[in-house]
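So the structure is just underneath, and the comments pick up after that.
The values are calculated or read from the model by the stated rules, or taken from the named source; none is laboratory data. Given the structure is predicted, the values throughout are model-derived calculations rather than measurements. Counting neighbours? That spans all protein chains shown, and the Cβs are built from the backbone with ideal geometry, glycine included.
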Amino acid sequence: MDSPFEMSQGLGDDFSGEVRLFPLPNVVLFPHVLLPLHIFEPRYIAMTRDALEGDGLIALAQIKAGWELADTEVPEIHPVICIGRIAHHVELEDGRYNLILQGLSRASIIEELPLDLPFRRATVELLSEEPIDNISTEDQRRAEILKNFRKLFPKLDVEHELHQVFESEIPLGILCDVFAYALTLEPADAQRLLSEFNVDRRSRLLLQLIEKSLASQPVQSDREFPPPFSLN
């Protein structure tokens with residue numbers, strides 16, 4: 001069975017290296033997941049229209065903590081971002097948009113471009129995965145993550161199709177991104193996971209965060225994965 005997470009089509013050989021930036025506080029987009037967004041500010045309506053008329057790409061960047069106190073229209077953002085593609089959109093009568101943004105790739109900001117449009121843009125470098133080179137270590141890490149994730153989401157074991165997917169050969173890096181999306185993480189922890197392109201370190205960090213969640217939260221038998229779908 002093909003994994004439903006093998007959906008990302010990549011950026012293609014014609015990717016220019018330039019992206020539209022969508023800075024948001026306390027929100028992280030991961031590769032291989034879908035994020036619903038409601039677009040209502042005029043500058044981001046302009047960004048969305050520009051994307052729809054062009055390559056369809058929008059890079060979500062998390063705004064650094066303390067932005068509420070900064071006296072600036074251009075708040076500081078974390079340098080590692082996730083490039084997404086608009087997978088679906090609905091334009092509302094008043095010009096607002098509801099979007100589904102599909103995460104494609106981690107990237108690192110090289111330089112922000114002059115602010116000559118209503119929205120921010122940057123040139124970026126794509127960050128490639130650094131896989132675990134020891135199969136035994138990868139298999140052990142996968143087993144540990146799955147075991148603890150099932151404790152958080154007991155329903156996963158009775159959802160036979162999902163169970164099969166996660167026991168399959170889905171790459172560990174993808175598994176980490178999908179599970180990170182499902183967890184209720186502090187923004188700083190989510191950014192740490194996004195920023196880690198080394199799968200060994202990312203999977204160890206994810207395991208630590210799952211164990212932390214287990215220690216601090218009572219397991220609820222009705223907790224579901226995937227999480228309920230809703231628009232922002």
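Worth pointing out:
- Restricting attention to the range 35-70, the residues being more than 13 Å from Tyr97 (Cβ to Cβ) and crowded, with 18+ Cβ neighbours inside 10 Å number 8.
- Pairs with Cβ under 7 Å, 6+ apart, first in the range 32-57 and under 16 Å from Leu92 (Cα atoms) and assigned by TED's automatic domain parsing to the domain that holds Val74, second of a type in the set (Val, Ile, Thr) and surrounded by fewer than 20 Cβ atoms within 10 Å (Cβ to Cβ): Pro36/Ile100; Ile39/Ile45; Leu52/Ile86
- Members of the range 83-118 that are touching a residue at least 60 places away in the same chain (Cβ under 8 Å), closer than 24 Å to Leu34 by Cα and charged (D, E, K, R): Arg85, Arg106
- Residues of the range 48-60 satisfying the condition of being more than 14 Å from Glu18 (Cα to Cα) and in contact with a strand residue (DSSP E or B) (Cβ under 8 Å, 6 or more places away or on another chain): Thr48, Leu52
- Phe22 vs. criteria assigned by TED's automatic domain parsing to the domain that holds Pro114, at pLDDT 95 or above and either assigned to a loop (DSSP other than H, G, I, E, B) or on the phi > 0 side of the Ramachandran plot (or both): no
- Subset of the range 129-144 [closer than 17 Å to Phe197 by Cα and of a type in the set (Asp, Glu)]: Glu129, Glu130, Asp133, Glu138
- Any hit, the range 46-61, residues being on the phi > 0 side of the Ramachandran plot and within 22 Å of the chain's Cα centre (by Cα): yes
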